[in-house]
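The values are calculated or read from the model by the stated rules, or taken from the named source; none is laboratory data. Only a predicted model underlies this, so the values are computations on that prediction, with no experimental measurement involved. Positions of Cβ are backbone-derived with ideal geometry, glycine not excepted, and every protein chain shown enters the neighbour counts. Heavy atoms of the whole protein, side chains included, go into the accessibility calculation; ligands, DNA and RNA do not. Shrake-Rupley method; radii C 1.70, N 1.55, O 1.52, S 1.80 Å.
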Amino acid sequence: MNEKKFSKEEQKFWQRYFRIEKLEDIPQEWSILGGYGFGDDQTDEYIYFVSLRVPILREIILKESYVTDEGVKHMSVFEELKLLYLRKHKAITKKSIPYFNEMKSLESLNITKTNITLTDLHELLDNQNLREVFIDSEENEENILEKAFALKERMPNCNIYLDTCFTTENNGDPIDPIF
């Protein structure tokens, strides 16, 4: 977005992953990056290069990629990012939470099977635009309710789902948020 031409590294990236030769051929608006089963090659560098040239990205769906907190930092620059699905990323920690707070269009956040806990969210998450958060918990039931309640008070329009990735069962029945 800033520079008018590719660096050599960046040019290799765009050629390798997207077969794009010229800067002007990069779409400025993307609906989605990733998908279920997509993620083997995604690294912090991958997210960085996309963040340099694509201002609008609406959904990121990555499962078991190589993205860390540094990659989440790069994701925070995308305009209109509404859905962020980062399931099974052990290298994503509470250091990412301030970046989630910066994502002003973010409505759905799935961080199940990361190293972010309900305690971390209770202490740090404050994104008023969020409508749903999916998180795992290893807390005892008393602590879960206390922390989830405090989080819900801070973000009253956000549903908190515990130990699930979806809002419905396989048969279509709705799953109730804990708050």
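Please work out which residue is nearest to Lys104 (Cα to Cα), limiting yourself to the range 38-48 and to residues that are surrounded by fewer than 20 Cβ atoms within 10 Å (Cβ to Cβ) and in contact with a helix residue (DSSP H, G or I) (Cβ under 9 Å, 6 or more places away or on another chain).
Taking the range 38-48 and keeping what is surrounded by fewer than 20 Cβ atoms within 10 Å (Cβ to Cβ), we get 38, 40-41, 43-45, 48.
Still in the running and in contact with a helix residue (DSSP H, G or I) (Cβ under 9 Å, 6 or more places away or on another chain): 41, 43-45, 48.
On the way: Asp41: 27, Thr43: 23, Asp44: 21, Glu45: 23, Tyr48: 19 Å.
Among residues in the range 38-48 that are surrounded by fewer than 20 Cβ atoms within 10 Å (Cβ to Cβ) and in contact with a helix residue (DSSP H, G or I) (Cβ under 9 Å, 6 or more places away or on another chain), the one nearest to Lys104 (Cα to Cα) is Tyr48.
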Residues that are exposed (fewer than 14 other Cβ atoms within 10 Å of the Cβ): which helices (runs of 4 or more DSSP H) entirely in the range 60-179 hold 2 or more of them?
-> 141-154
First in the range 158-179 and without any contact (Cβ under 8 Å) to a residue 12 or more places away in the chain, second anywhere and of a type outside the set (A, V, I, L, M, F, W, C) and surrounded by 14 or more Cβ atoms within 10 Å (Cβ to Cβ), Cβ under 8 Å, 6 or more apart | Pro174/Thr167
Could you identify the single residue in Trp14, Trp30 that is in a helix (DSSP H, G or I), more than 16 Å from Asn110 (Cα to Cα), among the hydrophobic types (A, V, I, L, M, F, W, C) and open to solvent by less than 30 Å² (accessible area, probe 1.4 Å)?
-> Trp14
Pairs under 8 Å by beta carbon, first residue basic (Lys, Arg) in the range 127-147, partner at pLDDT 85 or above and part of a loop (DSSP other than H, G, I, E, B), six or more apart or different chains?
-> Arg131/Glu107; Arg131/Asn157; Arg131/Cys158
